[in-house]
Amino acid sequence: MKLLDRIGATSTRANLETLVHLQRQALLALPFENLDIHLARVIRLDHDSLYRKIVAGDRGGFCYELNECFYQCLAAMGYMVERLEARVELGGPGDAFDHQCSLVHLDGARWLADIGFGDSSASPSCWQSQANRM
C-alpha cells in the first residue's frame, strides 16, 4: 500500500482512530489540483492510472481522483466502504452528482470520508441519516 507511505500513515488497523488519521494525513499530503481538466487530458479512475499519477507521480487530483484512490486504499485495508456521488451546494443548488466521497461503515456507524474538497473536514463526519447534508 504505497499510498500509505505517500501520506505518512502510521497505522493500518481498520478502526475509527486509523480512519481519522488517514483522512488528516491524506489532506496534508495530497493536494487538490485540477490541472488535467484545464489541459483537456483524459481523466482515468482505474487503479493503475491513479497510482501512476498520485502515488508514483507525486501529484494530487480533483475529487473523483483523490476520493477514488482513498476508497481503494480503505477497501484494501479491510474497511467496509462505498462510493457516494454527491452534489456540492455553495449558496445554491449545484450540478447533480459533481462530487465523489466515501461512506465508511464502522462499528455500527457510518462515517463520511472526503479528501477531495477544498473545505473538507479534517476528520470523517458521523452520518446518522441519509437526510444529512455536509
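The values are calculated or read from the model by the stated rules, or taken from the named source; none is laboratory data. This structure is a prediction, so every number in the text was calculated from the model and none was measured. Quick reminder, even Gly has a Cβ in these numbers, built from the backbone with ideal geometry, and neighbours come from all protein chains shown.
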Residue match in the range 87-110 (condition: touching a strand residue (DSSP E or B) at 6+ places or on another chain (Cβ under 7 Å), of a type in the set (S, T, N, Q) and at pLDDT 95 or above): yes
The one condition in (1) modelled with pLDDT under 95; (2) under 20 Å from residue 2 (Cβ atoms) that residue 121 fails to fulfil: (2)
Meets criteria (assigned to a helix (DSSP H, G or I) and among the charged types (D, E, K, R)) for residue 13: no
Failed criterion for residue 82 (all others in (1) acidic (Asp, Glu); (2) modelled with pLDDT under 95; (3) under 12 Å from the mean Cα position of the chain (by Cα) hold): (2)
